[in-house]
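Input: a single structure, listed below in structure tokens.
The values are calculated or read from the model by the stated rules, or taken from the named source; none is laboratory data. Note that the structure is a prediction, hence the values are computed from the model and not measured. For neighbour counting, all protein chains shown are included, and Cβ atoms are generated from backbone atoms with ideal geometry for every residue, glycine included.
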């Protein structure tokens with residue numbers, strides 16, 4: 001198949017959506033499919049043999065300067081026509097995805113849309129009221145133009161259906177269990193993460209340092225659990241604020257990490273602290289769990305699809321900082337419990353490969369093409 005992607009985020013940005021796209025592209029190459037990617041703000045010119053087309057973009061300042069909104073140009077349509085795609089896939093349609101939806105409809109192409117971010121929740125957290133007012137109806141209207149809609153966790157499938165989005169299916173979760181593995185434990189890395197105190201209880205967070213991730217909530221356990229240390233891997237718009245907030249605690253800001261270094265960081269912590277209550281899945285929790293390190297996450301969004309409370313980690317009630325602190329303290333205080341939870345977390349993650357997830361996605365592409373033939377045949381236009 002020849003697949004066109006319109007994505008609001010792509011490399012060099014690193015987040016859960018980008019991880020899913022790049023891992024999918026890895027597998028599409030192996031499965032013999034070809035992709036063309038339209039992405040904003042200076043992406044690489046190609047990825048694993050798939051051409052990437054740079055779309056001019058504006059930063060979403062002042063609310064989220066790391067996010068770039070693609071501004072379509074007529075030449076992009078010509079690029080798409082030259083590629084002659086079998087299907088169009090819009091990822092998190094907002095501006096660029098809306099244009100991708102329009103161009104697919106204009107050319108009568110099969111269309112699949114995937115829903116990765118709860119925009120209405122983000123609008124509230126980023127204090128963008130005008131976005132909150134239109135986001136739910138906008139999401140419903142855009143997604144309902146697609147022949148198939150995908151969400152990345154069962155709770156988000158239910159949420160999308162509740163918004164009135166139709167033809168919703170589950171895009172199975174996946175994690176790289178070869179890269180992220182308990183064998184990556186490194187005493188040297190633990191020394192770095194703990195700022196030279198490897199014997200101290202060590203919490204880890206990996207991801208964007210942004211306000212909607214609720215990292216402020218970690219101040220409570222940092223000030224209430226004796227001798228605890230926290231390592232934050234990543235960067236983002238809230239970094240300056242968080243450095244000021246946590247300046248009197250044993251918190252170390254590590255910046256970005258990737259590859260083997262990141263895998264060592266995951267495996268060398270005692271617990272993954274994941275306070276965000278706006279996740280549609282939570283790749284970073286899965287990567288930690290594949291590394292044999294249990295997670296404590298919010299009982300919200302897609303997290304309950306990953307963490308089984310008391311089995312492979314713990315969950316807390318969003319906003320209840322006493323509950324968050326208690327769940328983290330339980331794991332940090334009991335080495336045997338950490339071992340049991342971590343072993344089960346690893347076993348659970350071994351079920352979810354990128355190959356299986358991408359094969360299922362290709363099945364959905366075929367389903368979208370079938371629905372398109374049935375309800376939008378070329379002769380009808």
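Specify which of the listed residues (232, 204, 242) is buried (at least 21 other Cβ atoms within 10 Å of the Cβ) and assigned to a helix (DSSP H, G or I).
From the options 232, 204, 242, the qualifying one is 242.
I'd like to know if the range 105-113 contains one or more residues that are assigned to a helix (DSSP H, G or I) and modelled with pLDDT of 85 or more.
Among the residues of the range 105-113, at least one is assigned to a helix (DSSP H, G or I) and modelled with pLDDT of 85 or more, which makes the answer yes.
Residues that are surrounded by fewer than 17 Cβ atoms within 10 Å (Cβ to Cβ), farther than 24 Å from residue 74 by Cα and in contact with a strand residue (DSSP E or B) (Cβ under 9 Å, 6 or more places away or on another chain): does the range 29-38 have at least one?
Yes: one or more hits.
Would you mind stating whether residue 369 is out of contact with any helix residue (DSSP H, G or I) (no Cβ under 9 Å at 6 or more places or on another chain), under 19 Å from residue 91 (Cβ atoms) and either modelled with pLDDT under 95 or assigned by TED's automatic domain parsing to the domain that holds residue 151 (or both)?
yes
Need the failing condition index for residue 174 against (1) in a loop (DSSP other than H, G, I, E, B); (2) surrounded by fewer than 19 Cβ atoms within 10 Å (Cβ to Cβ); (3) at pLDDT 95 or above, just the number.
Result: residue 174 passes all but (2).
Collect the residues in the range 253-273 that are over 11 Å from residue 186 (Cβ atoms), surrounded by fewer than 18 Cβ atoms within 10 Å (Cβ to Cβ) and touching a residue at least 60 places away in the same chain (Cβ under 8 Å), keeping them in residue-number order.
256, 258, 259
Could you say whether any residue in the range 348-363 is free of Cβ contacts under 8 Å to residues at least 60 places away in the same chain and crowded, with 17+ Cβ neighbours inside 10 Å?
Looking through the range 348-363, at least one residue is free of Cβ contacts under 8 Å to residues at least 60 places away in the same chain and crowded, with 17+ Cβ neighbours inside 10 Å.
For (1) farther than 26 Å from residue 358 by Cα; (2) assigned by TED's automatic domain parsing to the domain that holds residue 90, each residue gets a yes or a no:
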position: 170; (1), (2): no, yes
position: 186; (1), (2): yes, no
position: 189; (1), (2): yes, no
position: 193; (1), (2): yes, no
position: 197; (1), (2): yes, no
position: 200; (1), (2): yes, no
position: 204; (1), (2): yes, no
position: 207; (1), (2): no, no
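Would you be able to say whether some residue in the range 215-222 is in a loop (DSSP other than H, G, I, E, B), on the phi < 0 side of the Ramachandran plot and assigned by TED's automatic domain parsing to the domain that holds residue 301?
The answer is no; no qualifying residue exists.
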